[in-house]
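Before any comments, here is the structure.
Please treat every number below as a calculation from the coordinates, not as lab data. A quick note: this is a predicted structure, and the numbers were derived from the prediction, not measured. Backbone-built Cβ (ideal geometry, glycine too); neighbour counts: all protein chains shown.
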Amino acid sequence: MSSTDGRNDGMTSRYVGVLVVWVAVLLALYAVQQYFS
Amino acid sequence: MRALDWAIVAAYLIWIVYDGLRLTKRSKEIDGYFRGNRSLPWWTVGLSVMATQLSAITMIGTTGQGYVNGMRFLQFYYALPLAMVVLCLTLVPFFHNANVYTAYEFLERRFDAKARAVTSFLFLLSRSMSLGVVISAPSVVLSVIFGMSLTSTVALVATPAAIYTMFGGVQAVAWTDVKQMVMIVGGLLTAVVVLVLGLPDGVGLGPALRLAGATGRMQTFDFTFDLTNQYTFWSGTIAALFLFCSYFGTDQSQVQRYLTTKSVKEAQTSLLMSAYWKIPLQALVLLVGVLLFLFYTFTPTPMLFNTIHERELRQGPKAQEYSALERRFEGATAARSAAATVAARADAGGQDADRTAAQQQFLAADTEVKAIRTEALALVRSTTGDQAYSDVNYVFPTFITTQLPIGVTGLLIAAIFAAAMSAISAELTSLSTATVMDFYRRFLRPDGDDASVLRVSRFATAFWAIFASAVAVWAAELGSLIEVVNRFGSFFYGSILGVFILAIGWKRATPNGAFVGLIAGMGSVAWFATYTKVAFLWHNLIGAVGVVVAGIVVSAIERAVRRGRSLDRPAAP
């Protein structure tokens, strides 16, 4: 793939990282809600 | 505000304008002015994108929302990281590789000049009106807080950003945004520290937040599926995904920023910064609102936060009614404060039974306070005739100007100005770019040299600043117009996204298909907005789906008709 198609240069692992952090943040927010409610 | 606070605000405004103007020398030609010579680092662009979204409305409106409703509004942003990944994989590489100045220029290459002109015109229309609201909301609040005329605060809010944007172009916008972002986050963190330190002795942060939780203010998830409810997990992850894809992927105020990076990878990395930080940052803003609620639970709180309306009621024909309400309010807030202290202490060390009973007592006292405040707001509504009246936007500014020590007040007011300027400058530069590149240079002077195009660009920036300021004064007078403008914008967002989905995702889409699809998408949103109670976040999804479905159908019919005509044509001898 070329360097401008948006899918290489290590970007795939960054997207996976974003999704992992996203799920972790949502779980943390849910935990905060449960703890303080 | 005291003299030192005014001095801090004035020094900040002068410094930021000077800082923006320093970049004028890098904006002598079109590419430098509109795209920063495609040389800005990803972190500058990333911070600039985030600063643009943190407008003064966020600082005063969202903190007020946190005060009244708690953290629930956070759900609105849950889809943002997903939207960023989707855009990095789709639109960002297309825009960057197409070497365009505006998002709409891309549509001309894919469809025709009409598609470019119509979408760019819709952008100019909705963005210029919403810029008026972005200027109006803080100006109205600051005019009450400072005791100044609305025209003066509109000028104070809009002029600094207009000056550096006019001369420095997108580079000035992006680099000043970095400083504005530091100021905004610094201001918010300062507010959190002051509010936590302001809790009474013996009341810890944990028990205090549990009190907020008991009132529902720590709720960050609502899993009920209700299309009429704006803030649920489902509207925040499904409907908002379309809103964010449209806003970050097709709105010139965002697209222009990542066109300034030197490579696709840098553009993608800059967007991922928002994916990581937007939800925590928004949580911080809402947390300030929740802490304000706790602060005013333990400290005497005004019944109405807008002092002008409070004075009007005190001096008007309903003065007696208002005074009676005020006496009840003082008693109720004192009872709530006492109940909150008992509940927080019981939470820290008591038995479960004590804790539950104390919390119940606090909730009963809070309900009474809320009921009296509702009566007071109804009194304002009946006096002013404004049925949508609310004073939530005044909560944070009131706290800043009445409770903070000298110097810190100035710092936080400067942070509100920073938030206003970062949003205004981004919108101004995008309005100017779309006006010049999609209309002036495209239709009027295609062969204009850089100097003349730059002159027109600066004129366009000044024009939009004056136009939006006029809208700001007008919007403030009409009050409910702000909501009309927001709904007006939601007519376009999903539909414009639909046109881009057709452009990139459906190779057989024709220019006429895109045009009819756009009309159909906006028509569907208009129908849903008029005849149903579906929350406006879902309008983005409805608009996008409407455009794509109608666009595919019309394109297929057009192709079939063309095929039929070519078959009817007699074969060449």
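Could you work out the local net charge near residue B:551, counting Lys and Arg as +1, Asp and Glu as -1, over the other residues with Cβ closer than 13 Å to its Cβ? For residues surrounding residue B:551, the net value is +3. Annotation: the residues B:167, B:459, B:305, B:223, sorted from fewest to most other C-beta atoms within 10 Å of their own C-beta, follow the order B:223, B:459, B:167, B:305. Toward the positive end of the charge dipole of chain B, with +1 on the Cβ of Lys and Arg and -1 on the Cβ of Asp and Glu, the farthest Cα among B:230, B:376, B:10 is that of B:230. The lysines whose alpha-carbon is closer than 30 Å to the alpha-carbon of residue B:533, local same-chain residues fewer than 8 away aside, are B:278, B:370. The distance linking segment B:372-406 with segment B:286-336 is 8 Å (Cα centroid to Cα centroid, whole angstrom).
Gain in length, residue B:197 to residue B:25, computed as 0.36 nm per residue apart minus the alpha-carbon separation, to one decimal in nm?
57.3 nm
Under 20 Å of direct C-alpha separation, and excluding same-chain neighbours fewer than eight residues apart, residue B:262 reaches these lysines: B:25, B:28.
Taking a ≥ b ≥ c as the square roots of the eigenvalues of the alpha-carbon gyration tensor, segment B:319-475 is classed prolate because a/c is 1.5 or more and a/b outweighs b/c.
The residues packed around residue B:468, meaning those with a beta-carbon under 13 Å from its beta-carbon, carry a net charge of 0 if Lys and Arg are +1 and Asp and Glu are -1.
Helices in the protein assembly as shown, meaning DSSP H runs of at least 4 residues, each add -39500 (n - 2.57). Divided by all residues, the mean residue ellipticity at 222 nm is -26000 deg cm²/dmol. Cross-link partners for residue B:114 among the lysines, with Cα-Cα distance under 25 Å and sequence neighbours closer than 8 places in the same chain left out: B:507.
Taking the square roots of five times each eigenvalue of the Cα gyration tensor of segment B:95-214, the equivalent ellipsoid has semi-axes of 41, 21, 16 Å, listed largest first. Annotation: the residues B:1, B:437, sorted from fewest to most other C-beta atoms within 10 Å of their own C-beta, follow the order B:1, B:437. Among B:135, B:519, the order by Cβ neighbours within 10 angstrom, fewest to most, reads B:519, B:135. A full extension of the chain between residue B:383 and residue B:1 corresponds to an added length of 134.6 nm, given 0.36 nm per residue minus the alpha carbon distance. Summing charges over neighbours of residue B:73, with a neighbour being any other residue whose Cβ is under 14 Å away from its Cβ, gives +2 when K and R count +1 and D and E count -1. Shape analysis of segment B:16-80 based on the Cα gyration tensor places the equivalent ellipsoid semi-axes at 34, 15, 8 Å, largest first. All Cα-Cα distances of segment B:364-411, cut into 10 Å bins from zero to the largest, leave 23, 33, 29, 15 percent in each bin in turn. Can you check what the Kirkwood hydrodynamic radius comes to for the protein assembly as shown, Cα pairs only, in Å to one decimal? For the protein assembly as shown, inverting the mean 1/r across all distinct Cα pairs yields 25.7 Å. Using a cutoff of 8 angstrom between alpha carbon atoms and counting only pairs six or more residues apart, the relative contact order for chain B works out to 29 percent. For segment B:199-281, the extents of the C-alpha atoms along the principal axes are 54, 36, 18 Å, listed from largest to smallest. For chain B, what D do you get in µm² per second when you plug the Kirkwood radius from alpha-carbon pairs into Stokes-Einstein at 4 °C and 1.567 mPa s? Approximately 51 µm²/s, per Stokes-Einstein.
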